[in-house]
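Beneath this line is the structure, given in structure tokens, with notes to follow.
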Amino acid sequence: MTGATSPLRSAASRVWWMVAVLSLAALAMLGRLPAPRVDGPWAAVAAVTLALGFYLADAYPLHIEGRIDTFTVSVSELPFVLGLLFCPPDLVVAARCAGGAAALVIKRHQRIDKLAFNLALQVFDTALGATVFVAIPSAGSKTLLGAGSAAAVGVLASSIVAMLAVSLVIRIHSGRWDATMTHNVVEMNLLSLVPNVCAALLIAEAIWQSHLVVLPAIVVGVAMAAAYHSYIDLHRRHDNLRMVHEFVRSVDGSATSESRIRHLLERTRDVLRSGSAEVVLLAEDGSGSVSRRRVGADGWLQSESAPSPADDWPITMVASTAKPFLAARGSKDPSVASFLAWRGWRDCLVVPMLGEGRTMGVLVVADRNSDVTTFTDEDARLLTTVAAQVSSVVENGQLVDRLTHDSSHDALTGLANRTTYQDRLAAALAMPGGEPLAVLLMDLDRFKEVNDTLGHHHGDLLIREVAGRLRDAAPSAATVARLGGDEFAILLPGTDHDAARTAAQRMWDAVARPCSLDGVDLDVEASIGIAVAPEHGDDGAALLKRADMAMYAAKRAHARIEFYDADRDEYSPRRLALAGHVRAAVENGEMQLHYQPQIDVRTGALVAVEALSRWNHPEYGNVAPDEFISLAEQSGAITTLTHWALESAVLQLAKWREAGYEIEVAVNVSMRNLIDSAMCSHVEELVRSHQLNPGGLILEVTESQVMADPERTLPILNRLAALGVTLSIDDFGTGYSSLGYLKQLPVTEIKIDRSFIAGIAEDQQDVAIVRAIVELARSLGMRIVAEGVENQPTVARLTALGCDRLQGYLLSAPLPADELTAWIDDHQAEHAPPPRLVGSRHLAAVSVHS
Ligand code: C2E
Ligand code: CA
Ligand code: CA
């Protein structure tokens, strides 16, 4: 008989029809069976013994391992054959019915439809077997060949019908004829049938020979049962080992630790035949916080939390005692029952995960996949073995995670490091859709001072403090990284120009808040440079470099926050090409001096010219001095350039003097020239060799150049002044020098910056500034020059305010020497008794009233 392969699960009405048909057929056969041959107490003893036999046979089936599957077969043919040979047929049917029903209910916990079918089938095939047996004439012969063969035929018939019935039900149930299934049913039945019948016949023959043989037979039976039981035990352990082995093999070492844990939990859930599996990991810092990962009916869940809630006491208990905890289905313990109800589980099993020297967490499985069984101690042992595997995987995973974290984060601050920042920047730039993004680079001002004066301990504290503030102030989508030293970078995805400025300002404010570190109060300031994609580039390295340039520009200008500006970019191809060629341009004659006239306000006569450099680049054409002068200053070519300008201007001055024009010439001088002591001897040599009136040479310097390093520039300025050359402060009013310094400077002229002059005709504020400058200069006995004079009303205002000299487009743009000579001739004819009258053209545009 078979009990295991029946796949009946859900009851279809057709199955109930079969139950009815089988029951009716069984009743019909029972009615035709002969009356009992045994009466009284013996009949009762026989019936109970037989029923017990059927119960044991069905309740403890044999598990036979096939190549692919494990089959479970019943030895019910054994009591059946013995029953037919030694008991009345109707009694056999009754015992079969009682024993089978008891096994199905007690051991198999079968559902009502399945139970009804199996019972009806048992009654039917037993009645059929009995009917066939009694119909065979030799049935009453008490010999192996007579009664024995009749019983074998009866049992065989009953088995065949049972097999057909089961196959039929499978067909009804699944809607198709499963050939392999039928084949398996037949194969397994025949496999169990033949040995079972043979064993029964052996016992029957022995009983026929001597009734006493029953006793040793019982002893042999019990011994065999015990042996079988231990075999089953071994078998299950082997089974579990096999599962664990498969489990370990299935762990994918290359996967990320998160997906590995997920895979492990899925396997754990399957191995333990449960509805869900969960791992609860305890924080390593002992803070009691836990992180959970679970696979279950609700899918993949992941959470981090503070200590487990009190309701979750089994978790905490297992974690602290390191002993497994089993909450079986239907537990009577109220605390266990309420825990299961709280988690919404039928049953569960919790085992510790032991790591190196500590309990890392617990492994939980819940909801055994069965209507009837629950977790057992055997499962607890299996899960403990599995937990050891999970622990080692998690531990390795954590190690890997820590190593990956360490290699991608800054050890001091925990912020992302340069590599990570670059990776994220590249990833953000590669995102389709072309969203804007901003790269912010921040550098602390005077961090070196903190480090030098307070020591590295405070330096580190400050860096950590700043890191924390940046992290708090940055938007959640931002990546804040420490690139090294006191340099931080912030990546702001989806951020345009304006939003970047707002974010940068917020971060600047956060960093600039006063802080107290280990009892030392510190005021920190920072400079932030910003580059925005795609505006300033679409390549990560270029954006970082440009943000860096902007940051340095912010530092130089004390501007806090600056955006990248291509004009300032010393690395743009044009600037690189120009920077390398200033010196050669001077030597190759690509440079030329233009001269712009200055007139005396009172007489209107030309009194001086300002020499301004012009570069006619073979490739770029005319390059403005605003562009190449700063390049020359950076490359050092400014020394050559200034020497050349001085020489050319003095030479031209000498020419004009020879031609009879008594004018002064102004040459612009850079900061670098002012710290170069060779400058003085050069000027001295020029003045001497051309026998110049030194006062006729004006050197224009700006306030900021002088004030950048007064200790070095002042001695040189004093030496130049001692030579007798005129020193002029250019662009006056734009620098941030203190007026107090002005007194100490050996200057005799101030040139008011053209930004104040441009608006003087309309803007009262500009008037006030110019008036103040004029008064100041007057009080110091200095000459006042206004540059950038572009129209007549401005001339009138400046005249009224008391300026001495005027320069600007109204008079003339800077001109090459020969053109200026022509201009002078025109101008002098009109305004002053010329030193030598050359022409008589008029300049109608200028009329200066003194
Ligand atoms: P700067 O010394 O302030 O020279 C005056 C600038 O104002 C000149 O620009 C001139 O063309 C311009 N300008 C003159 N009149 C007017 C006007 O009415 N309105 C306006 N808006 N602008 C006027 P330029 O020639 O482009 O020179 C720019 C700057 O380059 C100069 O400013 C000077 O600082 C520097 N520079 C020029 N040549 C040399 C040089 O040989 N050596 C040094 N160190 N710097 C030079
Ligand atoms: Ca100038
Ligand atoms: Ca100027």
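A few notes on this one:
- Hey, Asp626 open to solvent by 10 Å² or more (accessible area, probe 1.4 Å), free of Cβ contacts under 8 Å to residues at least 24 places away in the same chain and within 13 Å of ligand 1 (Cβ to nearest atom) or not: yes
- Count of residues meeting criterion [closer than 12 Å to Val601 by Cβ, touching a residue at least 12 places away in the same chain (Cβ under 8 Å) and of a type in the set (Gly, Ala, Ser)] in the range 765-815: 3
- Of the residues making up the range 629-636, not a single one is without any contact (Cβ under 8 Å) to a residue 60 or more places away in the chain, among the hydroxyl-bearing types (Ser, Thr, Tyr), under 22 Å from Val747 (Cα atoms) and in contact with a helix residue (DSSP H, G or I) (Cβ under 6 Å, 6 or more places away or on another chain).
- Residues in the range 211-229 that are at pLDDT below 80 and not aliphatic (A, V, I, L, M) were compared, and the one that is nearest to the chain's Cα centre (by Cα) is His229.
- Being more than 55 Å from the chain's Cα centre (by Cα), more than 16 Å from ligand 1 (Cβ to nearest atom) and surrounded by 22 or more Cβ atoms within 10 Å (Cβ to Cβ) holds for only one residue in Leu776, Leu780, Leu745, and it is Leu745.
- Per the listing Leu265, Leu282, the residue uniquely among the hydrophobic types (A, V, I, L, M, F, W, C), more than 30 Å from Ile112 (Cα to Cα) and open to solvent by 20 Å² or more (accessible area, probe 1.4 Å) is Leu282.
- Every residue from the range 606-639 that is more than 16 Å from ligand 2 (Cβ to nearest atom) and hydroxyl-bearing (Ser, Thr, Tyr): Tyr620, Ser635, Thr639
- First in the range 752-763 and of a type in the set (Asp, Glu) and modelled with pLDDT of 85 or more, second anywhere and open to solvent by 60 Å² or more (accessible area, probe 1.4 Å) and more than 16 Å from ligand 2 (Cβ to nearest atom), Cβ under 9 Å, 6 or more apart: Glu762/Pro793
- Listed here are the helices (runs of 4 or more DSSP H) enclosed by the range 628-712 that have at least 1 residues being more than 16 Å from ligand 3 (Cβ to nearest atom), of a type in the set (D, E, K, R) and under 23 Å from Thr734 (Cα atoms): 671-674.
- Residue within the range 723-733 that is open to solvent by 20 Å² or more (accessible area, probe 1.4 Å), away from ligand 3 (no atom under 16 Å from the Cβ) and over 26 Å from Asn588 (Cα atoms) present: yes
- Residue within the range 558-579 that is open to solvent by less than 60 Å² (accessible area, probe 1.4 Å), part of a strand (DSSP E or B), more than 16 Å from ligand 1 (Cβ to nearest atom) and not aliphatic (A, V, I, L, M) present: yes
- Test: Leu780 is touching a Leu at 6+ places or on another chain (Cβ under 7 Å) and modelled with pLDDT under 95: yes
- Which numbered condition Val683 fails, given (1) at pLDDT below 95; (2) more than 10 Å from ligand 1 (Cβ to nearest atom); (3) touching a strand residue (DSSP E or B) at 6+ places or on another chain (Cβ under 9 Å): (1)
- Complete set of residues in the range 519-540 that are in contact (Cβ under 8 Å) with a residue 24 or more places away in the chain and open to solvent by 70 Å² or more (accessible area, probe 1.4 Å): Glu525, Pro534, Glu535, Asp538, Asp539
The values are calculated or read from the model by the stated rules, or taken from the named source; none is laboratory data. Keep in mind the model is a prediction, meaning the values are calculated, not measured. Here the Cβ is made from the backbone with ideal geometry for all residues, glycine too, and neighbour counts use every protein chain on show. Side chains are part of the model used for accessible areas, which takes the heavy atoms of the whole protein and leaves out ligands, DNA and RNA. Shrake-Rupley method; radii C 1.70, N 1.55, O 1.52, S 1.80 Å.
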